[in-house]
Every structure is written in C-alpha cells, then in structure tokens.
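Below is one structure, written out as structure tokens; the observations come after it.
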Amino acid sequence: MDAEVERLLAAWLAMLRHHRRLSPHTLRAYGDDVQRFLEFLIGYHGGPVTTQILKSLRPADIRAFLTVRRRQGLGPRGVQRSVAGLRSFYRFLERQNIADSNAVQSVRSPRIPHTLPRPLSEIDAVRVMDEAGQGGRNWIAARNAALVTLLYGTGLRISEALALTRGDGVLPALLTIIGKGRKQRVVPVIDAVRESISLYLRSCPFQPGKTGPLFVSRKGGAMTAREAQRIMQELRGRLGLSSTATPHALRHSFATHVLQNGGDLRAVQELLGHASLSTTQKYTEVEEHRVMAVYEAAHPRAKA
C-alpha cells in the first residue's frame, strides 16, 4: 500500500471519528474491514494498492473480496457491515475527487434474516437481579446486582452503563445518557436502581475519584463488557436460563415489559435512544408472537 493510500485511510477514519462521531466499536470495525479489503487488493492485483487501483475498482473486485470473507466464516451481518464500510470509504474518496463510488454502490448487501429480540420473562428478570446479589456482604455481589438492576431498570446498553463515572454517584431521578451517534437522551432512574447502586458504592473498597468508572473490576480498574458477559453467563448457569440471557437481553426485557404494561411505543423509542421507530416496533412483535403462541396452544380450533 503506498503512502498516499495510507494517508487517505487515516484521513477517512479521522473524519468518521470527529465529524460522524461513530462509536469506537463501529469505527474499529469499519477500519478493520477496509484494511482487510486493501490487503486483499494487494494479492488480487499482485502489487501495492495505489490511488489508481482504487479509482479502477470494479463490482467484481468487491464481490471477490466478499466471497473470500464468507469462506473465512463471516456471516451476513458482517458482510453487510463490510459493504457499509467500503461505501463510506468510497464516498470519502469521491468527495476528495480520488475515485467515484459507483462500483461499491452497485454491490447489494445481503439480506439479514428478520429476528425478534429475546427478552427474559418478568419472573426471570427478577430472579437474575436477586441471584446477582447473593453473597452476603461481598462487594462484588453488590456490584453485580447494581449492574443488572441498572440494565433492566433503565434499558441502557452495556457500553452506556459502563461509561458512567463515579461522579454520577447515586444516580439522579433523571439521567442524561450520550448514546450511539452521540445522541443525547434522558432516562428516568427508579428508586430500586438508585438503592442498588448506593448499596454497591457503600461496600466498594475502591475510590477512583469522580472521573473514575462507576463500575470497577476486582482489582479496581474499569469494568469491561467481557466481565459483564461473564456475570450473566454465571447467572444463566445458576438459574438454568438459556444462552440468550445476556446483558443486552436485559435491555430487551426492559423495553418488552414496559410495552406489555401499557407503555407508549414512542416513549420507549426515546428511552432506548433508537433513531427509528421501526427498530422499537420489534418489541411489539415479541408480544404479538407470544399471544399467538398461547392462542395456538390453547384454542380448540387453532389446530384444525
């Protein structure tokens, strides 16, 4: 890869970081996808990738790259993300008068199977919160209970929960969250959540300061999403729950249970920070699916 292509790649990532304000996860994924594509072109063309090669890109080149990635085990969502990253990169090149984006735009993304969120039942959500707090005066148990109670009680993404700082302390009744795309929203915090976090803070032996993380690991560093996944994995094993009972499933559970109990769809959209109402509407499909399952199992004419 020549120096000019490397410069363009770095400039594109900087633009995404500072102007588009993509999340670190999305930014890293886009960067990895385009880097893989450029490495593929080196072997595909048998030499360094230059701006001239970028300019002469054909749809067949992209399809060949995606075929290789599928053989490497990349699923439909990963392929869709790769195409999105390449489109973004080529739109940037187009604005720089380096190359047009016609070839990339002509390649269709794969269709993603329509799947429904898989929330916990209300009973299982309560069981998770209760079981997480088992451990007497152990501060780790208090932390785990505070985290799962926060996720279920507010519908935060795990990344949003772990981004909270110690300065947030005992959470206010209304919490301002900066979500995906730097979109700001206000989330109500019920007393049960505030009490659980207060109990954790009183028992936690680490005091990282107001700018330090609210949720800390066993050694006092910032808690990671992987640690949160392990907490839910342990709880699944102890409670006999399915593998779909993840930290994100608590967010699904929050939305589903609020709607089941009469919550307004647009209000739930705001609480979750969804840009599109259609994303939130999936939770109404969960309820419709459950009702139909009950009907088909119970109605004497349903199987006729």
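Which numbered condition in (1) closer than 30 Å to Thr224 by Cβ; (2) basic (Lys, Arg); (3) out of contact with any helix residue (DSSP H, G or I) (no Cβ under 9 Å at 6 or more places or on another chain) is the only one that Arg20 fails?
Among (1) closer than 30 Å to Thr224 by Cβ; (2) basic (Lys, Arg); (3) out of contact with any helix residue (DSSP H, G or I) (no Cβ under 9 Å at 6 or more places or on another chain), Arg20 violates only (3).
Quick one: in segment 42-63, which of the residues that are part of a helix (DSSP H, G or I) and in contact (Cβ under 8 Å) with a residue 24 or more places away in the chain is farthest from Tyr90 (Cα to Cα)?
Once the filter is applied, the top-ranked residue is Ile42.
Residue check: is Glu94 over 28 Å from the mean Cα position of the chain (by Cα), modelled with pLDDT of 90 or more and surrounded by fewer than 18 Cβ atoms within 10 Å (Cβ to Cβ)?
So Glu94 passes the test.
Within segment 257-283, can you find the residues that are within 20 Å of the chain's Cα centre (by Cα) and either polar (S, T, N, Q) or more than 17 Å from Leu156 (Cβ to Cβ) (or both)?
Gln269, Ser276, Leu277, Ser278, Thr279, Thr280, Gln281, Lys282
Applying the selection to segment 184-233, what residues are at pLDDT 90 or above, open to solvent by 40 Å² or more (accessible area, probe 1.4 Å) and within 21 Å of the chain's Cα centre (by Cα)?
Ala222, Thr224, Ala225, Arg226, Gln229, Arg230, Gln233
Kindly list the number of the only condition in (1) under 19 Å from Thr246 (Cβ atoms); (2) among the aliphatic types (A, V, I, L, M); (3) surrounded by 20 or more Cβ atoms within 10 Å (Cβ to Cβ) that fails for Ala142.
Looking at each condition in turn, Ala142 falls short on (1).
Hey, among Asp130, Asp61, which residue is of a type in the set (Asp, Glu) and open to solvent by less than 40 Å² (accessible area, probe 1.4 Å)?
Being of a type in the set (Asp, Glu) and open to solvent by less than 40 Å² (accessible area, probe 1.4 Å) holds for just one of Asp130, Asp61, which is Asp61.
Could you list all residues from segment 224-253 that are more than 20 Å from Asp130 (Cβ to Cβ) and in contact with a helix residue (DSSP H, G or I) (Cβ under 6 Å, 6 or more places away or on another chain)?
Once the filter is applied, which keeps residues that are more than 20 Å from Asp130 (Cβ to Cβ) and in contact with a helix residue (DSSP H, G or I) (Cβ under 6 Å, 6 or more places away or on another chain), segment 224-253 yields only Ala225.
Are there any helices (runs of 4 or more DSSP H) wholly within segment 94-208 with 1 or more residues that are over 24 Å from Gln269 (Cβ atoms) and among the hydrophobic types (A, V, I, L, M, F, W, C), and if so which?
Hits in segment 94-208: 102-105, 122-132, 139-154, 191-203.
The values are calculated or read from the model by the stated rules, or taken from the named source; none is laboratory data. Being a predicted model, the structure only gives us computed values, none of them experimental. Cβ sites come from the backbone with ideal geometry, for glycine too, and all protein chains shown count toward neighbours. The protein model used for the area step is the full one, side chains on, heavy atoms only, and it has no ligands, DNA or RNA in it. Shrake-Rupley method; radii C 1.70, N 1.55, O 1.52, S 1.80 Å.
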